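The values are calculated or read from the model by the stated rules, or taken from the named source; none is laboratory data. Just so it is clear, the model here is predicted, and its values are computed rather than measured. Methodologically, a virtual Cβ is constructed for each residue, glycine included, from the backbone with ideal geometry; neighbour enumeration extends over all protein chains shown. With ligands, DNA and RNA removed, areas are computed over all heavy atoms of the protein, side chains included. Shrake-Rupley method; radii C 1.70, N 1.55, O 1.52, S 1.80 Å.
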Amino acid sequence: MASATSPKKAIVFVAQGSEEMETVIVVDVLRRAGIQVLVLAVEISSGSVTCSRGVRLVPDAYLGDDSVKISAFDAVVVPGGAGGSEILSQNAQVRCILSDFHAQHKIVAAICAGSLAIKTAGIQSHLSEPLRITSHPSVRDQLVDDFSYKEERVVVDGNLVTSRGPGTALEFALRLVSLLSGPDKAREVAAPMVLNFSL
């Protein structure tokens with residue numbers, strides 16, 4: 001999946017009530033790896049987003065901006081946070097993007113309650129075998145009947161990557177780096193962060 005010629009590009013969705021650690025850690029780690037990240041706000045058209053613990057984030061762009069060419073990106077990430085994940089999982093444009101990216105074999109990633117957006121996007125309904133998925137334990141019961149639910153910290157099933165919560169955000173982000181830019185790049189990013197990274 002890695003390309004030596006052009007940098008990979010990823011969208012990280014954010015909404016009111018998104019979990020700040022899961023959002024910022026992913027953005028930070030991907031940018032450390034040289035991946036171009038667009039923080040894309042959903043259901044607001046200007047200003048900042050207030051995350052689940054009161055941290056305010058200023059997005060790079062807003063969903064619906066004519067200047068944002070969604071098809072140019074290689075990955076899309078859905079953070080958790082009870083309020084934010086509800087907004088993201090119920091937004092029709094977000095659901096369409098997730099479904100389209102998965103069908104095009106681009107990386108679709110979700111962490112914590114963000115995994116609910118995988119369900120609402122209907123990705124599973126097009127497949128003959130249940131996708132392997134994980135999430136925050138609090139939303140497990142909403143996913144277990146439709147997916148092959150796992151308790152692992154990070155679960156990869158083809159181009160779908162899911163993880164459990166704030167405490168797994170670094171592993172989740174590094175796995176995305178590995179998938180987009182290769183495991184050597186993930187290890188290169190992890191070393192100065194004093195992290196051990198292994199596949």
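Brief remarks on what is shown
- Gain in span if fully extended, Ser128 to Val194, counting 0.36 nm per residue against the direct Cα distance: 19.6 nm
- The shape of region 154-199 comes out oblate: with a ≥ b ≥ c from the C-alpha gyration tensor, a/c is at least 1.5 while a/b does not beat b/c.
- Here the Karplus relation 6.51 cos²θ - 1.76 cosθ + 1.60, evaluated at θ = phi - 60°, turns the backbone of region 6-19 into coupling constants of 10, x, 6, 10, 9, 9, 10, 6, 8, 8, 4, x, 5, 6 Hz, with x for every Gly and Pro.
- Here region 121-166 is described by how far its Cα atoms reach on the three principal axes: 30, 21, 16 Å, from widest to narrowest.
- With the highest mean first, a sort of the peptides 175-181, 73-79 on other beta-carbon atoms found within 10 angstrom per residue produces 73-79, 175-181.
- If you run the Gaussian network model on the chain, springs between alpha carbon atoms under 10 Å, then out of Ala15, Ala117, Ala103 the most flexible one is Ala103.
- Applied to region 56-69, the Karplus parametrisation 6.51 cos²θ - 1.76 cosθ + 1.60 on θ = phi - 60° returns per-residue 3J(HN,Hα) values of 9, 10, 9, x, 6, 7, 10, 4, x, 4, 5, 6, 8, 9 Hz, with x for Gly and Pro.
- Separation between Cα centres of region 109-125 and region 70-93, rounded to whole Å: 9
- The smallest convex shape that holds all Cα atoms of region 114-194, its convex hull, gives 92 Å³ per residue.
- This model, with +1 at the C-beta of Lys and Arg and -1 at the C-beta of Asp and Glu, gives the chain a dipole about its Cα centre of some 380 debye.
- Fluctuation leader among Phe147, Phe172, Phe101 - the chain, Gaussian network, Cα springs under 10 angstrom: Phe147
- Region 17-162: relative contact order in percent, alpha carbon pairs under 8 Å with at least 6 residues between: 19
- Pairs of alpha carbons in region 1-157 whose separation is greater than 22 Å (percent): 38
- Normalised per residue, the accessible area of region 44-87 is 51 Å², obtained with a 1.4 Å probe and no contribution from ligands, DNA or RNA.
- With all protein chains in place and a 1.4 Å probe, the accessible surface of the chain carries 50 percent carbon and sulfur.
- Average Cα contact separation per residue, region 100-179, under 8 Å, 6 or more apart, as relative contact order %: 33
- For region 64-163, the Stokes-Einstein estimate of translational diffusion at 37 °C and a viscosity of 0.692 mPa s comes to 245 µm²/s, using the Kirkwood hydrodynamic radius over alpha-carbon pairs.
- Interchain or long-range residues, amide H under 5 Å from Ser48's placed H: none
- Relative to the current alpha-carbon distance between Ala103 and Asp145, full extension at 0.36 nm per residue lengthens the span by 12.9 nm.
- Couplings 3J(HN,Hα) for region 148-154, derived from phi with the Karplus relation 6.51 cos²θ - 1.76 cosθ + 1.60 (θ = phi - 60°), are 8, 7, 10, 9, 5, 5, 9 Hz, where x marks Gly and Pro.
- Legend: residue pairs Lys69/Lys150; Lys8/Lys150; Lys150/Lys185; Lys106/Lys150, Cα-Cα distance threshold 25 Å; pairs beyond threshold, Lys69/Lys150; Lys8/Lys150; Lys150/Lys185.
- Using just its DSSP H runs of length 4 or more, each adding -39500 (n - 2.57), the chain gives a mean residue ellipticity at 222 nm of -9000 deg cm²/dmol after division by all residues.
- Of the residues Ser99, Pro79, Ala121, the one whose Cα sits farthest toward the positive end of the charge dipole of region 78-199, with +1 on the Cβ of Lys and Arg and -1 on the Cβ of Asp and Glu, is Pro79.
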